[in-house]
Amino acid sequence: MSAVNQANTNYGIKAHLKFSPQKSLQDLLILDVEVQLPGKGIIAVFGDSGSGKTTFLRCLAGLERPQQGELIVNNSVWQSAKQFTPTHKRPLGYVFQEASLFPHLSARQNIVYAIKRAEGEVSEEFYQHVIGILGIAEILDRYPDQLSGGERQRVAIARALVVKPEILLMDEPLASLDHARKQEVLPYLERLHKSIDIPIVYVSHSMDEIMRLADYALVLQQGKVIAQGDLNDVFSRIDLPYSGQDEAGTVVEGQVAERDDNWHLSRIALSNQSMWLRDQGDDIGQSVRVRILARDVSIVLSVHDDSSILNRLQVTVVEVGVDTDEALALVKLALGDDFIVARLTHKSVAHLQLSPGMIVWAQIKSAAIVR
């Protein structure tokens with residue numbers, strides 16, 4: 001199983017929470033979850049608006065107090081029937097949609113303000129480590145109104161991290177940024193993922209952000225958990241509400257096996273198969289995560305060399321299901337230990353007579369693969 005799919009059985013967060021706006025109005029219950037989440041990596045909390053994502057995060061932080069429940073983080077009880085640890089005593093960092101920096105303080109002073117209120121000592125080495133991960137050394141002496149939205153958010157993340165929290169909570173941290181600023185911040189979040197060994201609970205409604213960053217997914221609908229597990233396992237399910245969305249797809253991870261300088265392509269090894277995609281300068285042997293959208297996968301029963309499509313992968317049909325569009329079907333395919341999904345017309349499914357257990361070929365355009 002690829003690194004994207006490897007489960008972390010060392011659960012760091014155990015929560016059973018029930019929350020409604022008022023105790024007397026139980027018919028307005030907006031959160032009823034019971035989860036066990038990994039103790040490291042990025043845990044994406046995904047769902048439509050009003051699904052309970054932010055409420056769940058605020059309950060973890062202690063900003064909302066569930067009427068019933070238990071919350072244990074790293075074997076420390078933050079809430080039970082007998083106790084409730086207030087927010088300021090929970091060892092956590094919280095990043096909101098807006099950076100919320102103090103406007104009268106420089107970026108450096110905003111971070112130092114947090115350090116002065118940290119319970120433990122923050123070494124200069126760790127401070128510099130956080131500054132380096134987020135690439136903000138050159139902007140520390142600027143004030144918030146002198147920073148771009150992406151820069152302000154990176155400073156806010158540094159302020160949350162520098163106090164050495166046991167868990168980092170991020171509530172749609174890129175939602176207020178335009179596309180260009182999001183693309184500016186995402187590489188730093190990827191570096192953060194690789195450099196900080198704590199669980200990061202990341203709330204988002206953006207499929208693109210989740211596919212690029214997350215290891216584990218928790219999907220909410222109307223305040224309840226409808227799916228949870230490793231990223232590929234969850235987003236390869238074809239029975240969930242988002243499965244038929246245009247951006248639906250899966251993530252696989254492989255290693256760079258070859259670089260073709262003539263055609264500016266890289267060959268990525270996946271189990272005993274490989275696929276070509278645009279070369280982005282990755283070193284041979286480097287791990288690469290790629291996103292394959294269901295709309296970009298076609299199926300053939302035999303190999304065709306007279307095609308512009310470079311990637312033809314032998315796969316096994318696992319399941320055929322319906323799409324939200326009555327003309328379309330979703331086909332779940334096993335690719336070694338990973339899964340991909342194809343979005344086809346029902347006519348194509350019938351023409352190929354696709355059924356579980358069939359061995360077929362998945363065709364994926366190199367130009368369509370998302371990094």
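The values are calculated or read from the model by the stated rules, or taken from the named source; none is laboratory data. Just so it is clear, the model here is predicted, and its values are computed rather than measured. Using ideal geometry, Cβ is built from the backbone for each residue, glycine included, and neighbour counts are taken over all protein chains shown.
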Residue ID - surrounded by the most Cβ atoms within 10 Å (Cβ to Cβ), chosen from residues in the stretch 55-90 that are more than 20 Å from the chain's Cα centre (by Cα) and among the charged types (D, E, K, R) | ARG90
May I ask you to say which residue of LEU71, LEU63, LEU57 is at pLDDT 90 or above and part of a helix (DSSP H, G or I)?
-> LEU57
Among GLY120, GLY93, GLY52, the single one that is assigned by TED's automatic domain parsing to the domain that holds LEU168, over 29 Å from ARG181 (Cβ atoms) and either surrounded by fewer than 13 Cβ atoms within 10 Å (Cβ to Cβ) or not polar (S, T, N, Q) (or both) is GLY120
Which residues, counting only those in the stretch 105-117, are surrounded by 10 or more Cβ atoms within 10 Å (Cβ to Cβ) and either touching a residue at least 24 places away in the same chain (Cβ under 8 Å) or not assigned by TED's automatic domain parsing to the domain that holds GLY135 (or both)?
-> LEU105, SER106, ALA107, ARG108, ASN110, ILE111, TYR113, ALA114, ILE115
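This table checks each residue for (1) over 19 Å from ALA99 (Cβ atoms); (2) free of Cβ contacts under 8 Å to residues at least 40 places away in the same chain.
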position	(1), (2)
LEU168	no, no
GLU184	no, yes
TYR188	no, no
PRO199	yes, no
LEU213	no, no
LEU218	yes, no
In the stretch 243-293, which residue that is among the hydroxyl-bearing types (Ser, Thr, Tyr) and surrounded by fewer than 19 Cβ atoms within 10 Å (Cβ to Cβ) is farthest from GLY321 (Cα to Cα)?
-> SER287
State whether the residues of the stretch 142-155 include one that is at pLDDT below 95 and on the phi > 0 side of the Ramachandran plot.
-> no
May I ask you to verify whether VAL252 is in contact with a helix residue (DSSP H, G or I) (Cβ under 8 Å, 6 or more places away or on another chain), closer than 28 Å to ASP230 by Cβ and either at pLDDT below 95 or not in a strand (DSSP E or B) (or both)?
-> yes
Would you please name the residue that is modelled with the lowest pLDDT, looking only at residues in the stretch 277-321 that are polar (S, T, N, Q) and over 16 Å from LYS332 (Cβ atoms)?
-> SER307
Answer yes if at least one residue in the stretch 201-220 is over 13 Å from the mean Cα position of the chain (by Cα) and at pLDDT 90 or above, and no otherwise.
-> yes
Checking LEU169 against (1) at pLDDT 95 or above; (2) farther than 30 Å from ILE340 by Cα, which single condition isn't satisfied?
-> (2)
